[in-house]
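What follows is a short report on a single structure.
The values are calculated or read from the model by the stated rules, or taken from the named source; none is laboratory data. For clarity, every value in this text was computed on a predicted model and none was experimentally measured. Positions of Cβ are generated from backbone atoms using ideal geometry, with glycine treated the same way; all protein chains shown enter the neighbour counts. Surface areas here come from the heavy atoms of the whole protein model, side chains and all, with no ligands, DNA or RNA. Shrake-Rupley method; radii C 1.70, N 1.55, O 1.52, S 1.80 Å.
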Amino acid sequence: MTISNYSRLALILAALAIAGQLEAQVDLPAPESETEGQTEAAPSPEFIPGAPVQIRPDEGSPVAGTEVTTPEFDIGRRFQLSGSLTGGYDDNVNLTPTGSPSWYASPNVSFGYRFGSARLAMDLLTGGGINYYFDHPGGRYYDPLVYLNLSVAYKVTPRLTLNFSTSSVYESQPELGTALSATFRLGNYFRSENLFSAHYRLSPRWSSVTGYTLGALEYASSASSVNDRLEHTFYEQLRYLWMPTTTVSGEYRFSLNDFQNTGEESTIHSLIAGLEQSFSPRFKASLRSGVQFRSSGSSSGSSSGSSSGSNGDLISPFVETSLEYELGSQGRTASRRSGASTYIIWTTRYSIEESGQQQGGGGKTFRTNLNLNYAVTARISASLALIYSNGDNGASNQISSTSLGGSSTETTFDITPSVRYAITQHCSVNVGYRYTDVKNGSGTAALEPFQPVASQSVASYTRSRYFAGITLSF
């Protein structure tokens with residue numbers, strides 16, 4: 001099955017979820033609890049992580065890693081429609097070592113819908129826009145953006161809850177917060193991350209989570225199609241409520257990564273132990289650690305250059321942490337989307353990731369994402385978004401920084417501080433700055449934009465964006 005078919009499947013499932021919600025206009029009676037005494041308190045195992053969607057203030061796109069939301073039950077129906085216009089100066093539109101500056105404007109619209117009854121909960125956020133470049137650097141006029149984020153939870157019985165979520169986006173800008181994207185421009189692409197899971201409470205203390213995730217990456221350009229891939233992950237997690245606010249878990253994951261147009265594939269087996277602690281309703285943290293085993297080869301049964309050597313078979317420790325703290329009086333998701341609360345969301349991970357620079361290659365990567373928002377006053381808030389990753393890009397069978405006398409290590413640093421001022425309840429303005437620094441090994445060379453993928457992949461670059469915008473929300 002091709003990636004395009006998977007994207008159609010995701011949209012069909014989203015439509016069915018919405019149709020099912022429309023049939024549930026009358027709340028079903030809440031099932032009686034079968035649990036006496038303690039119940040699993042935190043964090044909810046139905047969606048991990050549970051942070052609401054974070055939107056980049058400079059271009060209006062969702063930040064990868066924050067698209068999966070936790071829908072809330074018993075909240076009724078809530079709608080939100082917003083439009084924004086952001087403009088500024090970008091000193092490196094095409095992400096090349098030599099720079100490609102232009103002034104730009106980014107109009108965007110978004111629609112949000114939240115529904116929660118006794119048994120069904122849904123959180124929908126969809127939108128789109130463009131980044132228009134006035135100076136047309138390298139012949140580039142605009143970058144498109146269309147996204148859909150949907151999470152649905154359904155309580156089949158008092159013990160069984162089914163979950164579905166999808167985060168799909170069509171865009172041109174590389175997404176630095178996830179491994180399911182290159183760090184340089186390869187043209188327009190479709191990226192989708194989908195989750196299906198079932199949470200079953202075995203007893204007041206024991207529960208299990210069975211799940212499947214599907215990641216899809218497809219580029220519009222045939223020259224970049226060698227990077228198209230599907231990521232399948234099957235997992236089984238057993239959870240135990242050790243104390244009212246502490247949950248321990250054990251998990252097994254099996255991942256299959258299939259590069260669609262090269263015949264390369266890899267598998268990863270992961271054994272993970274976890275600890276989740278709720279210090280208060282507003283302060284939660286988790287730690288997961290274990291070991292991963294990766295092997296790679298050709299789907300046709302023959303080995304290839306990329307599956308040999310240090311990037312073929314890997315054994316790596318796995319460590320993942322998350323911290324979530326919120327200080328505010330409004331609804332959890334609504335206040336964060338409006339920027340009206342003080343919160344911090346910080347995740348880190350050290351694991352094996354598939355390389356965005358070589359088909360079939362993988363390496364050990366450290367990645368951390370930080371989102372911080374501080375409500376200075378009732379009208380003024382300041383935010384900070386930080387992305388950092390460092391790892392082996394897996395380059396071994398193509399022109400790479402290693403062949404130029406450097407290393408194959410890729411380092412990404414992206415930071416966006418901004419300030420928001422609420423003029424009225426429905427109108428706000430913001431101003432900010434975004435800096436990006438991507439280093440692909442030490443032996444890089446200055447390359448012109450739109451060169452072949454194998455050559456452009458060795459390029460390092462920096463980028464600065466200065467922006468200001470206005471948002472209307474209803």
Please arrange Ile380, Ile315 by accessible surface area, largest first, computed with a 1.4 Å probe and ligands excluded.
-> Ile315, Ile380
Hey, if we sort His199, His426 by accessible area with the 1.4 Å probe, largest down, what's the order?
-> His426, His199
Under a 1.4 Å probe, counting only protein heavy atoms, Tyr170 has an accessible area in Å², nearest 10, of 80 Å²
Cross-link partners among lysines for Lys439, C-alpha distance below 22 Å, same-chain residues fewer than 8 apart left out?
-> Lys364
At a 1.4 Å probe radius, which order do Phe134, Phe164 fall into by accessible area, largest first?
-> Phe134, Phe164
Rounded to the nearest 10 Å², the accessible area of Phe73 using a 1.4 Å probe with every protein chain kept is 50 Å²
Note on segment 95-154: contact order normalised by length, alpha-carbon pairs under 8 Å, 6 or more apart, percent, works out to 34 percent
In the full protein assembly as shown, how much of Lys364 is accessible to a 1.4 Å probe, in Å² to the nearest 10?
-> 70 Å²
Packing-based order for 188-197, 94-103, 203-212, using average beta carbon neighbours within 10 Å, highest first = 188-197, 94-103, 203-212
